[in-house]
1. With every protein chain kept in place and ligands, DNA and RNA left out, what is the accessible area per residue of the chain? Probe 1.4 Å, answer in Å².
2. Determine the distance separating the Cα centre of region 242-301 from the Cα centre of region 151-171; give it in Å without decimals.
3. So which residue, out of Gly101, Gly275, Gly82, gets the largest mean-square fluctuation from a GNM of the chain using Cα contacts under 10 Å as springs?
4. Might you report the magnitude of the Cβ-based charge dipole of region 128-170 about its Cα centre, with Lys and Arg at +1 and Asp and Glu at -1, to the nearest 20 debye?
5. How many nm is it between the label spots at Ala40 and Ser211, if each spot is 7 Å from the Cα in line with the beta carbon?
6. Ignoring ligands, DNA and RNA, what percent of the 1.4 Å accessible area of the chain is carbon and sulfur?
7. Tell me which aspartates and glutamates have Cα within less than 12 Å of Lys113's Cα, excluding those fewer than 8 residues away on the same chain?
8. Give, in whole angstrom and from largest to smallest, the semi-axes √(5λ) of the equivalent ellipsoid of the chain, with λ running over the eigenvalues of the Cα gyration tensor.
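The values are calculated or read from the model by the stated rules, or taken from the named source; none is laboratory data. Predicted model, so just to flag it, every value in this text is computed and none were measured. Note that we place each Cβ from the backbone using ideal geometry, even for glycine, and neighbour counts take in every protein chain shown. Note: accessible area is taken over every heavy atom of the protein model, side chains too, but ligands, DNA and RNA are not part of it. Shrake-Rupley method; radii C 1.70, N 1.55, O 1.52, S 1.80 Å.
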Amino acid sequence: MKGPYEIIDARFRDLVLSNVSLRRISAGHLWTEGPVWFPAHQCLLFSDIPNQKIYRWMSDGTVNVFRENSNFSNGNTRDREGRLISCQHGTRSVTRTEHNGMITTLADRFDGKRLNSPNDVVVKSDGTIWFTDPTYGILSDYEGYKATSEQPHRNVFRLDPETGRIVSVARDFIQPNGLAFSRDETLLYVAESGRSHDDNVPAVIRVYNVSADNFLDNGRDFASLDQGIPDGFRVDCHGNIWTSAADGVHCFDRNGVLLGKILVPETVSNLTFGGVRGNELLITATTSVYAIHVNSGAVTP
Ligand code: MG
């Protein structure tokens, strides 16, 4: 099969396309992250963390700056009203950009103490906002402002945007990172990226059962990477997990079986599905953003 693929399981052939190429759609960045697709505007927003900017890629190929001072924004997502939700290292907060453009701080403290540096975020269908809080944004002045952690744990949090209340739902991580729900939201997948600073930490995506009252239990390893560290990832319309890795994007089935890889020439940090038909994989990878059409997507094609 032609294309930038490593096919490990024959099922992967049905998830990718031949005669497509990996296109570099933006370049010259320092560390790209936080890709989020806005269907109504047919645009991708993504962070360049060290450059403190959020960029916008339009489906006509145009790239421009969406936000000049992003406060070292990292992960981004949309809420149920289509508003931008962002993790910001610089302010150690999670924010929402309102329909009128004003920015609202949704959370910057837990238990009276400052958060570490919110990293990645996802919104559940009930409107609750789930985010991870590792220490990457306070380890140096490169991706935030160097500071001492005030939190005894690196938590996964659930935030109620109506009340502002945040609850720790998992704290058994060295460094929690990307996160995503299964299609039916009975499972939450969370990346453990602590291997970035400690070779003894396994490079795994973990999975938890989500209870009816929005707590997590039965945390266990879901899949481990053979190249690099899991950072951001997405679940497709079939329940497969497409994750960042050192050599590209790895695709696992719902049982954690590695199906194949899309090989990318730079270390991948995150990805999302977008494009006119929702079947374009948009990949943030170190200094660039790449795009490739696949035979899958975030919604049933
Ligand atoms: Mg991340």
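1. About 41 Å² of surface per residue is accessible.
2. Here the answer is 28 Å between Cα centres.
3. For the chain, modelled as a Gaussian network with Cα springs under 10 Å, the answer is Gly101.
4. That gives a dipole near 120 debye.
5. Once both label points are built, they end up 3.6 nm from each other.
6. Values: 5690 of 12290 Å².
Of all accessible area on the chain, carbon and sulfur atoms account for 46 percent.
7. Glu150
8. Rounded to whole Å, the semi-axes are 27, 22, 19.
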